[in-house]
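The next block holds one structure in the form of structure tokens; read it before the comments.
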Amino acid sequence: MSDDVASWFDTLGPLAFYLVVWGLVFVGTALFVGVFLPFLTGDSLLFGAGLVAGSTTSINIWVLTTGVAIAAIAGDQVGYLLGRRYGRPYLTARRGRWVQTGIAKTERFYELFGWWSVVVGRYVPWGRVFVPAVAGVSDMAYWRFVTANVVGAFTWGVLITLMGFFAASIPAVRPIAYGIAIAVVLASIVAGIRAWRLDRAANAG
């Protein structure tokens, strides 16, 4: 994935590179693109973009990460507002068995974790896409959603992009950066397993 992102930079130049990365982060949640292209709009994109920023002086890491955070916040806001405006039919209209399964998982995830589902969902591919709309459908208080959205967007977008940057630019901390990346992936898996176990316990009760 990092090689693909680097090739974008070579072809498009710095400004277009920023816009492509930010645009993909935005449409990943705002337009449900992340359902079909999870690796092109999620963690791999951010880590790869960070690697590119760490390998060239033409990309400013702070401009990149700030834009990523803003794009992530904006994408989730759109998803939330669409869900709140159009309700359950909006989710039902997302066709496909796999999509509907993801929505069902997300609804249960939201029931279990509430505010934290918006934050933790950033690190789970299906959660990142569907949690904002589900929060809107469930009438989560707007400013409550905004706070969770901001926390999740910054911790996810900035953290993963910086990990890629440090992995490329500072060889001494490269093992640490990769270690944190692995920890993020494992945390996503643990969150999913915990949600599944709580769901089983609730159903058993």
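The values are calculated or read from the model by the stated rules, or taken from the named source; none is laboratory data. These figures come from a predicted structure and were not determined experimentally. Counting neighbours? That spans all protein chains shown, and the Cβs are built from the backbone with ideal geometry, glycine included. Just so you know, the surface numbers come from the protein's heavy atoms only, side chains and all, with ligands and any DNA or RNA stripped out. Shrake-Rupley method; radii C 1.70, N 1.55, O 1.52, S 1.80 Å.
Taking D76, D139 and ordering them by how much accessible surface each has at a 1.4 Å probe, largest first, produces D139, D76. The simple Förster model, with R0 at 25 Å and r as the Cβ-Cβ distance, assigns T57 and W143 a FRET efficiency of 0.05.
In this structure the stretch 49-141 gives 44 Å² per residue of accessible area when probed at 1.4 Å with all protein chains present.
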